[in-house]
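Undergrad: Pasting in a structure now, in structure tokens, and then I'll have a few things to ask.
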Amino acid sequence: MKKSLFKKTFTGLFVFTMIALLIPVKTNAQQKKSTWENNEQFKLAMAGYSFVNFDLDSTLKMMKRMDVRYLCIKDFHLPLKSTDAEIAAFHAKLKEYNVTGYGVGPIYMKTKEEIDNGFAYAKRVGVKLIVGVPNVELLPYVDQKVKEYDFNYAIHLHGPDIKLYPNATDVFEHVKDLDPRIGMCLDIGHDTRDGFNPTEDLKKYHERVFDIHIKDVTAASKAGSTCEIGRGIIDIPTFVKTLREVGYTGACSLEFEKDMKNPLAGLAESIGYFRGVIDATRPDYFCPEYIKTTMIKVTDWQLKHPFHKQNDWTNGAFYAGVFAAWKTTGSKNIYKAMMAMGNDSTQWQPYRRWYHADDIAISQTYIDLYRIEKKKKMIQSTIDTVKKFINNPYPVRGIEVIKWWWCDALFMGPPTLVKLGVTTGDKKFLAANDEYFKECYNLLYNKEEKLFARDLNYVIKNDGKDRYEANGKRIFWSRGNGWVMGGLVRILQELPANYSERPFYEQLFKEMSEKIASIQQPDGLWRASLLDPASYPGGEVSGSGFFCYALAWGINNGLLDSKTYRPIVERAWIALNGCINNEGRVGWVQPVGADPRKNFTADSWEVYGTGAYLLAGSEIIKMK
């Protein structure tokens, strides 16, 4: 497979190499991230050792030509004894070229003092990854320092050239009983030259792989030497597929140890081949079979990992997605799981508070299932609770001045009231929804930004207590506005075409869609704080999932122009799929909270993030 792929893509690689070498470099303002990189959990980087014969300026110029944005920092570019001023100047230089230093090393450490110096250096540089080579007897001391600094420590393996850490298995055997933050830098060339299969080693040890040196070699022996990626014996396509399967989220750093005094042509060819492989092996995320299979996989994983009370608001969002997954896939197991939730776990009861929208979010699924099963007990408690909610005043306190006083409520409450009104034929549920929705709209919707403040704490009142982001912009929470967009879809799905207030909801949906589309980030996701993405570097999946769901629904139902919005939806869907690990867990989800935070990673999951993904999938599959 690898050789045939090489033949098919050789012309493209040659063109890429020529472009990298000959076309003038773009300015920072003109540059955007490479499309392929936006849609993967791992990132393409350069190992600093590739540029051992070049100063920093020359290194960064070559990286810019190849459009590579991450560098593992070597001490010949930034010495271990650099002052704070020198470190600041180094980072400023990297920023000029749109490059980020993601780690330091390899650093050889033969004494405790050298270990101390290495950790102190990494801290001053501002990274949390050290690629190191400590003497074996010093590993217990490395263990202490990892606990002290909370860094990842990746031991670089060397192949048959050096007895110290020759392959991945050797590294693992040395670290398996140490702190889990001590792992390896998997050098796939050296591992191969020592007689091992780096793809199999990645599968076995992926939880301890914190960095990867990508390269190709001419033979699986000590005689093997570095060559351009794609010209050697390593099965790069299978390795790339495995990166996705194990959910690797670190860097793949090209370490090119050939023609080191004139490496640009070989570097460019290797980068081009690797990017070509990524494109060629990427799944067709829009294939109906892929969508259905992945929705089932994601649902199954989440059902096996329950969290929160089943009728809590978090699961209200999750089961909204589960019902959509069942409608999309027809899975009998998914339907059984929903019925078991109602019959066995919740007895078809809303959660505890009759006055709180969160606690009737689960009722959306009760009503959907009632429409199939026709058993009144499935919705009777919801009817009773909503009537009590309508007939009694809200227990006002502080910022809680109306019934739906926070924007998230517009996903929790309105769809339940509208579904009840349509299902029972009782128009008072629809009228109540219109009243309470517009109260929230008047309180929290910013007509200038076309976004909702999360609650009154984030509405600008010019009272000296107003909150702003670091860039001076107002704070608009991604998930909060995602809830609103998702809620609008679920309202519009239910309301009759001739309903008197439908134009209000449609207009709001269009306004918000235009704004949301305009602030999507290059990687296809939205940031936790919508107007200050630079302060929140990682894409957040629960907000992004609801945006993807809403925009796709708008296209499918003729409210949004396909030509304008389809590219935005497609980028979002590809990026969302990059946030699912091989088990089906949806990551990069901000935990429960009430405002934008930075407290989430690829390993951060929540049931509502899964629900958002499933809802998005249910609309993506309908796009023509």
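The values are calculated or read from the model by the stated rules, or taken from the named source; none is laboratory data. As the structure is a computational prediction, the values presented were derived from the model and not from experiment. Virtual Cβ from ideal backbone geometry, glycine too; neighbours counted across all protein chains shown. Surface accessibility is based on the protein's heavy atoms, side chains included, excluding ligands, DNA and RNA. Shrake-Rupley method; radii C 1.70, N 1.55, O 1.52, S 1.80 Å.
Undergrad: Given the peptides 541-551, 272-282, 568-578, arrange them by the average over their residues of other C-beta atoms within 10 Å, most packed first.
TA: Values: 541-551: 31.4, 272-282: 20.4, 568-578: 24.0.
Order by mean packing, descending: 541-551, 568-578, 272-282.
Undergrad: Assuming R0 = 30 Å, what is the FRET efficiency of ALA219 and ALA280, from their Cβ-Cβ distance, to the nearest 0.05?
TA: Result of the calculation: an efficiency of 0.75.
Undergrad: Counting only Cα, what are the radius of gyration and maximum Cα-Cα distance Dmax of the chain, in Å?
TA: 26.9, 83
Undergrad: Any chance you could give the angle, 0 to 90 degrees and rounded to 10, that helix 264-281 forms with the longest Cα principal axis of the chain?
TA: Approximately 40 degrees, to the nearest 10.
Undergrad: Ignoring ligands, DNA and RNA, please state the percent of accessible area on the chain from carbon and sulfur, probe 1.4 Å.
TA: It is 51 percent, rounded to a whole number.
Undergrad: Let me ask another. What FRET efficiency would be calculated for the residue pair LYS387, ILE460, taking the C-beta separation as r and a Förster radius of 51 Å, to the nearest 0.05? All intermediate terms of the calculation are to be shown ahead of the outcome.
TA: Details: r = 37 Å, r/R0 = 0.72.
E(calc), rounded to 0.05, equals 0.90.
Undergrad: Let me ask another. Which ³J(HN,Hα) values in Hz, rounded to whole numbers, follow from the phi angles of segment 505-518 under the Karplus curve 6.51 cos²θ - 1.76 cosθ + 1.60, where θ = phi - 60° and Gly and Pro get x?
TA: Whole-Hz 3J(HN,Hα) from phi for segment 505-518: 5, 5, 5, 4, 4, 5, 4, 5, 4, 4, 5, 4, 4, 6.
Undergrad: Something else about it: Given the pairs LYS403/LYS510; LYS427/LYS461; LYS419/LYS450; LYS81/LYS110, which are separated by over 28 angstrom at their Cα positions?
TA: LYS427/LYS461
Undergrad: Quick one: net charge of VAL175's neighbours, Cβ under 13 Å, K/R +1, D/E -1?
TA: -3
Undergrad: Nothing charged except the Cβ atoms of Lys and Arg (+1) and of Asp and Glu (-1): what's the magnitude of the dipole of the chain about its Cα centre? Round to the nearest 20 debye.
TA: Here the chain has a charge dipole of around 1580 debye.
Undergrad: P(r) tail for segment 382-443, what percent of Cα pairs lie past 18 Å?
TA: 30 percent
Undergrad: Heavy atoms only, probe 1.4 angstrom, no DNA, RNA or ligands counted: give me GLU257, GLU540 ranked by accessible area, highest first. Show your work: numbers first, answer last.
TA: Numbers: GLU257 60, GLU540 0 Å².
Largest accessible area first, the list is GLU257, GLU540.
Undergrad: Would you work out which of ASN135, ALA168, VAL125 lies farthest towards the positive end of the dipole of segment 118-173, given +1 charges on the beta-carbon of Lys and Arg and -1 on that of Asp and Glu, about the Cα centre?
TA: VAL125
Undergrad: Mind jotting down the distance between the C-alpha centroids of segment 75-131 and segment 550-624, whole Å?
TA: Comparing the Cα centres of segment 550-624 and segment 75-131, I get a distance of 36 Å.
Undergrad: For segment 133-184, what does the equivalent ellipsoid look like in terms of its semi-axes, each the square root of 5 times an eigenvalue of the Cα gyration tensor, given largest first in whole Å?
TA: On the way: eigenvalues 76, 20, 16 Å².
The answer is 19, 10, 9 Å, longest axis first.
Undergrad: Output the pairs from LYS147/LYS215; LYS309/LYS336; LYS74/LYS123 with a Cα-Cα distance over 21 Å in this structure; if there are none, say none. List each step's numbers first, then the result.
TA: On the way: LYS147/LYS215 32 Å; LYS309/LYS336 18 Å; LYS74/LYS123 15 Å.
With Cα atoms farther than 21 Å apart: LYS147/LYS215.
Undergrad: Taking the convex hull of the alpha carbon atoms in segment 220-275, what volume per residue do you get, in Å³? The partial results should precede the final answer.
TA: Values: hull volume 5.5 nm³, N = 56.
Normalising the Cα hull of segment 220-275 by residue number yields 99 Å³.
Undergrad: Still on this structure: Which aspartates and glutamates have a Cα lying under 14 Å from the Cα of LYS563, excluding residues fewer than 8 positions away in the same chain?
TA: GLU514
Undergrad: If each of TYR394 and ILE519 carries a label point 7 Å out from its Cα toward its Cβ, how far apart are those two points in nm?
TA: A separation of 2.3 nm, rounded to one decimal place.
Undergrad: Oh, and also: With a 1.4 Å probe and all protein chains kept in place, how much accessible area does HIS174 have, in Å² rounded to the nearest 10?
TA: Its accessible surface works out to 60 Å², give or take rounding.
Undergrad: What does DSSP give for the chain in terms of the percent of beta bridges that are antiparallel, rounded to the nearest 5?
TA: Looking only at bridges with both residues in the chain, the antiparallel portion is about 25 percent.
Undergrad: Based on alpha-carbon positions alone, could you give the equivalent ellipsoid semi-axes of segment 410-553 from the gyration tensor, as √(5λ), descending, whole Å?
TA: Semi-axes, largest first: 28, 18, 11 Å.
Undergrad: Based on the alpha carbon coordinates of segment 270-377, what radius of gyration and maximum Cα-Cα distance (Dmax) apply, in Å?
TA: Computed over the Cα atoms of segment 270-377, radius of gyration and Dmax are 18.1, 64 Å.
Undergrad: Once you wrap a convex hull around the alpha carbon atoms of segment 161-296, what is its projected area averaged over all directions, in nm²?
TA: Mean orientational projected area (segment 161-296, Cα hull): 9.7 nm².
Undergrad: Determine the shape class of segment 545-607: with a ≥ b ≥ c the square roots of the Cα gyration tensor eigenvalues, call it rounded for a/c under 1.5, and otherwise prolate if a/b is greater than b/c, oblate otherwise.
TA: prolate
Undergrad: Using the basic label-point model (7 angstrom from Cα toward the beta carbon), what is the GLU245 to SER500 distance in nanometres?
TA: 6.1 nm
Undergrad: A follow-up question, please. Relative to the longest principal Cα axis of the chain, at what angle does helix 427-444 sit, 0 to 90 degrees, rounded to 10?
TA: The two axes meet at around 50 degrees.
Undergrad: Something else now. Starting from the exponent 0.38 and prefactor 2.2 Å, build the expected Rg for segment 119-215 from its residue count and divide its actual Cα Rg by it.
TA: Cα Rg divided by the expected 2.2 N^0.38 Å: 1.02.
Undergrad: For segment 496-559, what ratio Rg/Rh do Cα atoms give with a Kirkwood hydrodynamic radius?
TA: With Rg and the Kirkwood Rh in hand, the quotient comes to 1.06.
Undergrad: Once both labels are modelled 7 Å past Cα along the beta-carbon direction, what's the ARG371-ARG566 spacing in nm?
TA: Calculated label separation equals 2.8 nm.
Undergrad: Could you pull out every one of the aspartates and glutamates with an alpha carbon less than 16 Å from that of LYS624, ignoring same-chain neighbours closer than 8 positions?
TA: Within reach: ASP284, GLU289, ASP561, GLU570.
Undergrad: Further question: When averaged across all projection directions, what area in nm² does the alpha-carbon convex hull of segment 113-154 cover?
TA: 2.6 nm²
Undergrad: Roughly what angle does helix 288-304 make with the longest principal axis of the chain, taking Cα atoms, 0 to 90 degrees, to the nearest 10?
TA: On a 0 to 90 degree scale, this one is about 80.
Undergrad: Highest mean first, what order results for 490-496, 342-348 on Cβ atoms within 10 Å?
TA: So the order, starting with the most tightly packed, is 490-496, 342-348.
Undergrad: Sorting check: for 458-466, 419-427, which peptide has the highest mean count of neighbouring beta carbons within 10 Å, and how do the rest follow? Show your work: numbers first, answer last.
TA: Numbers: 458-466: 11.1, 419-427: 17.4.
Ranked from most to least packed, the peptides come out as 419-427, 458-466.
Undergrad: Report, ordered by chain and residue number, the aspartates and glutamates lying within cross-link reach of LYS377, taken as a straight Cα distance under 20 Å and ignoring same-chain residues fewer than 8 apart.
TA: Reachable aspartates and glutamates: ASP312, ASP344, ASP359, ASP368, ASP426.
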